[in-house]
Every structure is written in structure tokens, then in C-alpha cells.
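Enquirer: Would you mind keeping the following structure in view while I ask a few things?
Each reported figure results from applying straightforward, stated rules to the coordinates on display, with no laboratory input. As the structure is a computational prediction, the values presented were derived from the model and not from experiment. With ideal geometry, Cβ positions are generated from the backbone for all residues, glycine too; neighbour counts draw on all protein chains shown.
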């Protein structure tokens, strides 16, 4: 079996082979293949800039892998600011001994994910470290996007805005938990890992008045809603029954005592929109197969500022708190 | 017949229409109550259900809940946590325990802090993993810090059994298994909490049978209803309690008939009896020393008993709680979390002063998570 060796990160001939034979082959674009010390970019409008490191274990999971995650994660952070993802950097930290076939699969998966937004990887770096220094492979990506709609912000929620979830919640966290613990509970559960830009672009094109937008990654829906409530000093009132959770996720949470709303997502986003635009936003989202269950889950009020209230279907209510403690490390 | 799915186990028991209907029936029948009901739900799982589903909001003012001592993490006194820390600090040792125990503060630090300092401390999803870890680390000492009420005791007994049968020589047990009836009796004998009905812990009764609560109606004339953990179960249990009081009865009844019988799981009981026996006394946080309220390894298996083998390094002085923490008073049913001066300020789930804030079954944790400062 061909594996990655320390020499592949040494900067010499083997490194060159790796870069040309694998990275340039799959990420090929005019800027990257110039192979300068830095990529030279031309951006006319205001830009958004973000970075994220990906350490998920296991590196392959149902519905995705660390490569898909590394692209979708950074592209989604740009999209959530109303920015069209343009350029990404990609830095690989690889543990010696990683099978070449696995690295190839990861790189192919990144290329496939890039195509969904049209973003390009324009610069990169490869390090190979001795066994035990990282767990198989870590990837860092940074990204630049062109702002297509300004003013989207966690500080921007207004009383009366409606809250929309793009789909059911908790899939990624539950999938990784199952893979990590070797649980054969259900074969049907897949991570929601997905590039969200096409849906965001459609919302912007549809002139939806978006106050705030965030992908519900670590900390899940609970974290997004609490951050919004605190940042904008508003109360978010959420109808518990409107938040969709698939049977598999609910079942795993029952078994382990987790809350589905605390579980990470990698292709699920939450929006706050002006009330008159909410129905239109839902209709636009539902055209995409990764948002076909988009629905309104709540609204912004002033009842208890900086708090999230969950209303049950039978007349009681409670606070939805930020997840605490060690939920599940290295999910992304 | 279609295959039974996991959701069938809870779907109907959270049905909004059923919950509304039960709440209405309780309100109607509670009009005939001769005195207000002070119901102790002993088990932390019930406390969690009550707070998570906001059940007090659905009930008349004449019904209130007193949260009991049924959270195994909450009742653990600091000196026992210090035992776990001392064991974890032994050379060449892996300490295993269950979830929340990791974060409970001992006299100086917690297991989580010690783990961050470099000691090998691992939470388990299932006690059976202890066997696997011991086998994978033959050159290390592995100590399982076992906690829990009657519900989790058979699992520990099963691990002890497997350790013996599989001839595993590097796995030891520090037993902190406690028993519900002696603790509840201590609270009733004290009388200050003025409890006049019980929701009986039901997963305990899956193992031990509902019969273990018979002394409560017999001795203290209080109704006991052994209920399940879903909101419909708890409300149905409350309705049964209300009816008993209106009819001036004090009986032991089972609501959770899908899992609980009077006799319980006799095979599990036998398994426990084979390896464990009541210990002469155990100090409960808040309640104090209760005779015969916990278990220990039988003398014939002393070679597996971490308390015996490593006794020299285990501190045994009782250690009191932080002076501002009222966990003890809460565990006795004499105070609500909101009455604590440091609730939600100096004591939060991230920076717990007391165990009731740490455990997801703890009363303070449930109030903090679901009711904030508004309950």
C-alpha cells in the first residue's frame, strides 16, 4: 500500500510530486498553478475573510469526509455573511503513514465540493509529521468572499423578525458520534455536510431581507439562538414542535442523553428575516434538496431579553440554554 | 407485525394532546384535595423530566414538587471524590468512571482538572468497556470508580463477574453504589420536609421491584406511585397520587407497568447479591451517615476491591461542602435551588460549587438549564 512519508513534506522532489500529481491535478486553476509564494487576487468589492481548522475523527463518515467538511465549512462561513465564496487556501498537516488512496479520496472530495460554489483553492501548504503528532490528517482552510449583501450581523436582529431553520437539526453530531463509538444503531443516518452558498445566493437574488444568518455548527441550534439573543439583546421564542429532528437523531439522543438541539450541523443554517419575507424565504429554500424541510421555527420578541424560550405544544415553556461541558470533541 | 422502533418507546408518552388532557384531569380532581400535595420525586431523572417539560406550569398551586436525593453524582460526598482523585494519581493507573462524575469538585480539584493535568481518567458510556480497557492495557492498573443506585448496580456486578471469569488481573473496583429506601426513610424519619406523597424511582424498581417502597405507605401513610420518566408517565403518576389522597388511601401503585413489577428482575438481584453486600454505613452528602445505605464488595472478592487494596492512600476524613453551597439542604427536600445565594451566580454548570449543579440529574442543574432564574 502506498502511504504518505515524511519525505513528502520535506520540500524536495517527493513534495513536488505530491503537489503536482495530486493537488494541482484536482484543484487546478490559473492562480494556483503559477506556484508563486503568494496568490495574487483581484477583488473589487468589500470582502469577507475567514479561517477554520478541521480535525474531525473519524476522517470518513456517513455523508462526508474531512475534505468535504474543510471546503464546505469555510465556504459556509463566508456565505453566512452574504459573501460569494471566491478564493480558499488549504493547508494539510498529514501524519506519516496515511494511505495515499485516502488522501486522494479527501482531495477529490474537496474538488467536488468547491465546484458547488465555484470557489477556487489558490494557495496551499503541506506538512508531513511523525506518527502520533496529528491523528491521520488535519486541514486548515481560509477563505475570501465578495460581499453580495451587506448588513447581515448577529447584532442585527429586530423584534418581529421570524426565525427560519433550513432543515432538520443534529445530523452531523449524531453521525460522528455513531462512527466514533462504533454504534450500529442505524444505517440511514447521514451527516448534513453541504455547501450552502447556492441557497444563500438564491435568497439574496430573491431580495429577502435577511437580518442575521448563521450555520449551526458546534453547539448546534442552541448555540446559534443563544448567541443571537445575547448579541442583539432580544428574546427568541421558538416553537419546539416546529424544530425538525429526524427519528435517527432523536433515537441516538435518547440512548445517550444528548439534546438534538445541542448537536453540531455542517449544512444547516438559521436565518432571521423580516416577517413579510419569511414565507418567500422558505419557498426559495425548499427548492434546494438540502433545504427541502426549511420552516419557520420562531420569532424575535422582547419577552426576556438575551434569553431563548422554547414553547411546548401543550402550553408550557422553558429556557433553551447554551450547551455546556464536554459535548463531543473533534466533530469538525 | 411491523418492527418495533426506538421512537415507539417514547413518542406517545410525549403527545401534547395527552399531556393537556392529563393536566386537565389533575386540575379537576385536585379541587377535592383535602390538603396541598408535597410530592417528593426521589429520582433525579424525574426532576429532569419535571423541569424540562415545564410540568409545574401545567399543575394547580396545590401541587408542588420536593426534589429528592436520587442523583448518584449529587449525593457523593467530597471525600469519595478525593478517593477517585487519589486512585487516578497512582502510578501507572487508568481511572474509569461514568460521565458527570468527572466534573464534580472534590476537596481541592475535580477529576476533569486532574485529567487536564495529565492523569489518565476516562469516562465510560457503558461499564462493560472497563473490561476492554483493562485487556488493552495489561501493564496498567485499571480502577473502575462505580457509581449509581440500584439501576446501575447489576452492570457493575456483571463486570465483576466477567473480570473473575476472564481472569483479568489488572481491573479493580471502587464501589459507590447506593440504595434508595434507606435514604428516603432517613428523610421521612426526619420529617422536616413535610412530604405527603412520593413518585417512586422506576428504573430502580425495574431491578429491585416496586416492593422496596412498601414501607413508605405502611410506616408513614404516604402514597407511592412508581412512574416512568416521560411527561405522560409523570402526569399519570400525579393523577394517581391525587386520587389516592382524595380517596384517603395510601397505597403503593405502579404507573410504569411496561417495565416495573412488584418483584423486579430477580436474576439481576441474584447477580448483585453474589458479588456485593450492604456496607455498615455510607455518608451521603447533605443527609449524613445512613446505615446499610450502600454496597461494598463481598469479602471473598476483596482482591478486586480498590478500597481495600489501596486503602493506605485513600483519605477518609469527612469533608463538608463549600459553606455557601446548600446542596445538602436541597437533597433533604428542605430548599429549592433558587433559594441558594450562589445559584446562577457563583455556582453555574461551568463553575459548579456543588454537585447538584454538575450532574444533569441534579436539581440545580435542571433549574438552571430549563428555568433559569424564573422558576
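Enquirer: Binning at 10 Å from 0, report for region A:148-204 what percent of all alpha-carbon pair distances ends up in each bin.
Expert: Result, from short to long distances: 16, 35, 27, 17, 5 percent.
Enquirer: For A:285, B:6, which order do you get if you count the other beta carbons within 10 Å of each Cβ and list the fewest first?
Expert: B:6, A:285
Enquirer: Could you tell me what percent of the DSSP beta bridges with both partners in the protein assembly as shown are antiparallel, to the nearest 5? Intermediate values should be presented prior to the final figure.
Expert: Details: 52 of 98 bridges.
Given both bridge residues lie in the protein assembly as shown, the antiparallel proportion sits at roughly 55 percent.
Enquirer: If region A:6-147 were replaced by its equivalent ellipsoid, with semi-axes equal to the square roots of 5 times the Cα gyration tensor eigenvalues, what would those be, largest first, whole Å? Could you put the intermediate results ahead of the total?
Expert: Numbers: eigenvalues 121, 64, 31 Å².
After diagonalising the Cα gyration tensor, the semi-axes are 25, 18, 12 Å.
Enquirer: Here's something else I'd like to know. Multiplying the sequence separation of residue A:255 and residue A:135 by 0.36 nm and subtracting their Cα-Cα distance, what value in nm do you get? Provide the component values of the computation, followed by the final result.
Expert: On the way: separation 120, 0.36 × 120 = 43.20 nm, distance 2.80 nm.
Net length gain for the segment: 40.4 nm.
Enquirer: Kirkwood hydrodynamic radius of region B:192-323 from all distinct Cα pairs, in Å? Don't jump to the answer; show the numbers that get you there.
Expert: Working: mean 1/r = 0.0576 Å⁻¹.
Hydrodynamic radius (Kirkwood, Cα pairs) of region B:192-323 is 17.4 Å.
Enquirer: Over the Cα atoms of region A:69-186, how large are the radius of gyration and the largest Cα-Cα distance (Dmax), in Å?
Expert: Every Cα atom of region A:69-186 included, Rg and Dmax give 17.8, 55 Å.
Enquirer: Helix-only estimate, please: 222 nm mean residue ellipticity of the protein assembly as shown, summing -39500 (n - 2.57) across DSSP H runs of length 4 or more and dividing by its residues, to the nearest 500. The partial results should precede the final answer.
Expert: On the way: 24 runs with 226 residues, N = 707.
So the helix-based figure for the protein assembly as shown works out to -9000 deg cm²/dmol.
Enquirer: For chain A, take the longest principal axis of its alpha carbons; what is the angle in degrees between that and the long axis of helix A:247-256, to the nearest 10 within 0 to 90?
Expert: Approximately 90 degrees, to the nearest ten.
Enquirer: Next up: Taking the convex hull of the alpha carbon atoms in region B:86-211, what volume per residue do you get, in Å³? Present the calculation step by step, with values, prior to reporting the outcome.
Expert: Details: hull volume 16.7 nm³, N = 126.
About 133 Å³ per residue, rounded to a whole number.
Enquirer: Semi-axes, largest first, in whole Å: what does sqrt of 5 times each Cα gyration tensor eigenvalue give for region B:327-371?
Expert: Working: eigenvalues 39, 24, 19 Å².
Semi-axes from the Cα gyration tensor: 14, 11, 10 Å.
Enquirer: Label region A:162-319 by shape, choosing from rounded, prolate and oblate, from the square roots a ≥ b ≥ c of the eigenvalues of the Cα gyration tensor; if a/c is under 1.5 it is rounded, and otherwise prolate applies when a/b is larger than b/c, oblate when it is not. Walk me through the numbers before you get to the answer.
Expert: Details: a/c = 1.97, a/b = 1.26, b/c = 1.57.
Oblate, since a/c reaches 1.5 and b/c is not below a/b.
Enquirer: Taking 8 Å as the Cα distance limit and 6 or more residues as the minimum spacing, I'd like the relative contact order of chain B as a percentage. Intermediate results must be reported in sequence, preceding the final value.
Expert: Details: 717 pairs, mean separation 84.8, N = 375.
Relative CO of chain B lands at 23 percent.
Enquirer: So for B:348, B:163, B:257, fewest C-beta neighbours within 10 Å to most, what's the order?
Expert: Details: B:348 16, B:163 23, B:257 11.
Least crowded to most crowded, the residues run B:257, B:348, B:163.
Enquirer: For region B:1-90, how big is Rg over Rh, using alpha carbon atoms and the Kirkwood form of Rh?
Expert: 1.17
Enquirer: Need the C-alpha centroid separation for region B:210-285 versus region B:133-192, integer Å.
Expert: 22 Å
Enquirer: May I ask you to compute the full-extension gain from residue B:128 to residue B:262, defined as 0.36 nm times their residue separation minus their alpha-carbon distance, rounded to one decimal in nm? Before the final figure, lay out the partial values.
Expert: Values: separation 134, 0.36 × 134 = 48.24 nm, distance 2.79 nm.
Extending this stretch completely gives an extra 45.4 nm.
Enquirer: Another one. Which percent of Cα-Cα pairs in region B:45-158 sits in each 10 Å bin, short to long?
Expert: 12, 37, 28, 14, 7, 2, 0
Enquirer: How big, on average over all directions, is the shadow cast by the Cα convex hull of chain B, in nm²?
Expert: Across all orientations, chain B yields a mean hull projection of 19.7 nm².
Enquirer: As a footprinting exposure proxy, order A:197, A:228 by other Cβ within 10 Å, with the fewest listed first. It would help to have the intermediate numbers written out before the result.
Expert: Details: A:197 23, A:228 27.
Ascending Cβ contact count within 10 Å gives the list A:197, A:228.
Enquirer: Using 7 Å Cα-to-Cβ label points, what is the residue A:190/residue A:125 separation (nm, one decimal)?
Expert: 3.5 nm
Enquirer: Moving on. How high is the FRET efficiency between residue B:316 and residue A:183 when r is their beta carbon distance and R₀ equals 56 Å, given to the nearest 0.05?
Expert: Values: r = 40 Å, r/R0 = 0.72.
Efficiency, rounded to the nearest 0.05: 0.90.
Enquirer: Let's test this: bin the Cα-Cα distances of chain A at 10 Å from zero up to the farthest pair and state each bin's percent.
Expert: 6, 26, 32, 23, 11, 3, 0
Enquirer: Based on the alpha-carbon set only, what is the convex hull volume of region B:147-194 divided per residue, in Å³?
Expert: Working: hull volume 3.5 nm³, N = 48.
Dividing the Cα hull volume of region B:147-194 by its residue count gives 72 Å³.
Enquirer: If I model a spin label at residue B:274 and residue B:115 as a point 7 Å from the Cα along the Cα→Cβ vector, what separation in nanometres do I get?
Expert: 3.1 nm
Enquirer: Based on the alpha-carbon set only, what is the convex hull volume of the protein assembly as shown divided per residue, in Å³?
Expert: Values: hull volume 127.2 nm³, N = 707.
It is 180 Å³ per residue.
Enquirer: Counting DSSP beta bridges in region A:206-332, what percent are antiparallel, to the nearest 5?
Expert: Working: 12 of 16 bridges.
Taking every DSSP beta bridge within region A:206-332, about 75 percent pair in antiparallel fashion.
Enquirer: Shifting gears a bit: If you take every DSSP beta bridge whose two residues both sit in chain B, what share of them, in percent to the nearest 5, is antiparallel? Walk me through the numbers on the way to the answer.
Expert: Numbers: 10 of 43 bridges.
Roughly 25 percent of the DSSP beta bridges within chain B come out antiparallel.
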